[in-house]
Amino acid sequence: MTLQIFGHKSPDTDSTGSPIVWSWYLNEVKGIAAAPKLLGEPNTEAAFVLKRWNLDKPEIIDGVDAGAPVVIVDTNNPAELPVGINDADIQAIIDHHKLVGGLETKGPIDITIRPLACTATIMYDLMGEDAANMPEAIKGAALSCILSDTLEFRSPTTTDHDRAVAQKLADDLGIDMAAYAADLFEAKSDVSAFSDAELLRMDSKEYEVGGKQFRVSVLETTAPKIVLDRKDSLMASMVDVAAEDGADQVLLFVVDILNEEATLLVPNDLVKSVAEKSFGATVTGDTVVLPGVMSRKKQIIPVLAV
């Protein structure tokens, strides 16, 4: 039975590219039949990466059969995975997020969770010498994952090792990282075709904080004005999205990649309290700027309080 490899729901570049990278390794190096999958439509940046490197878009699935062999990448959070994931045959987890708990396996498995900025960096290490044999398209996917997850090394999650691996891949490909990163972020910033609800879910994850269920959404962009000009309708849409998703509140952080800051939309007193208690911010209107906040994983989720 073919091994299915997938990341989290609302797939970004890392959750789109890393399954492709690891499937190549298992198929071509280990001789294991594997196929990348997606748990939703890739975001605009991930779609750009697929086109740029002439990679087929993985099949989108909404569930997995009981007993189906799977490898989970770029998450270990059951809330970000298909319902019934614990009935599947989870064979490995490759991730760079905190350990959440809740996954159950049929037996002992390989788990690699490392404090690096990107799943693709971990995969590069796990491949060892075989990483040099990746074809250009696979190297391009891996480089894209690293540049995306590190925001071209601006994110505080960036390590020297992420930089070194990215530089090696860029050198192998003969491309200018800064120019390519600019293309990535331009694609990521093109959100004009998306509805408010789609924007709120595009790069979002579910967390429980102090008895409240939050959908924490992050929009990384080089053109924050395009998103913030829609703040009234976005805040109105938060009510329906939260209700449909079983959340108490949607938190939307608009990350300005170039100015290295985030703007949090503040539609009500609950979010005002979150902003003040979590970030020590003074809120006077329906938005608040949080200087230096770039990373949901390192700077938002660990400090959230209600």
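Please treat every number below as a calculation from the coordinates, not as lab data. This one's a predicted model, so the numbers in the text were calculated from it and none came from an experiment. When we count neighbours, we look across all protein chains shown, and the Cβ atoms used for this are built from the backbone with ideal geometry, even at glycine.
If you take the Cα centroid of the stretch 1-30 and the Cα centroid of the stretch 237-306, the two points sit 31 Å apart.
Dipole magnitude for the stretch 196-303: computed about the Cα centre from +1 point charges on Lys and Arg Cβ and -1 point charges on Asp and Glu Cβ, it is near 320 debye.
Cα axis of helix 160-173 to longest principal axis of the chain: angle in degrees, 0 to 90, nearest 10? So the inclination is approximately 60 degrees. If R0 is 41 Å, the Cβ-Cβ spacing of D160 and A47 corresponds to a FRET efficiency of close to 0.85. Its Cα centre serving as origin, the chain has a Cβ charge dipole (Lys and Arg +1, Asp and Glu -1) of approximately 440 debye.
Pairs over the 29 Å Cα-Cα cut-off, from the set K168/K225; K51/K106; K30/K168; K37/K106; K139/K212; K98/K231: K168/K225; K51/K106; K139/K212; K98/K231. Applying 1/(1 + (r/R0)^6) with R0 = 41 Å to the Cβ-Cβ distance of E260 and A33 gives a FRET efficiency near 0.40. Sites listed here are trypsin sites (Lys or Arg not before Pro) in the stretch 21-100 whose DSSP assignment is loop and whose Cβ has at most 15 other Cβ atoms within 10 Å: K30, K98. The convex hull of the Cα atoms of the stretch 13-107, projected and averaged over all directions, covers 6.4 nm². Taking the C-alpha atoms only, the angle from helix 269-279 to the longest principal axis of the chain is near 60 degrees.
Evaluate the relative contact order of the chain (contact order divided by residue number), counting alpha-carbon pairs under 8 angstrom at least 6 apart; express in whole percent.
Relative contact order here is 14 percent.
Taking the C-alpha atoms only, the angle from helix 177-189 to the longest principal axis of the chain is near 50 degrees. Given their separation in residues at 0.36 nm each and the Cα-Cα distance between them, A197 and A79 gain 40.6 nm when the chain is fully extended.
Three semi-axes describe the equivalent ellipsoid of the stretch 196-303; taken as square roots of 5 times the Cα gyration tensor eigenvalues and ordered largest first, they are 18, 16, 13 Å. Each of (1) 59, 49, 43; (2) 58, 44, 33; (3) 73, 46, 31 is a candidate for Cα extents along the principal axes in Å; the one calculated from this structure is (2). Each of A305, S204, L103 was placed along the dipole of the chain (beta-carbon charges, centred on the mean Cα), and the one lying farthest toward the positive end is A305. Taking R0 as 25 Å, what FRET efficiency do you get between V303 and E208 from their Cβ-Cβ distance, rounded to the nearest 0.05? About 0.95, to the nearest 0.05.
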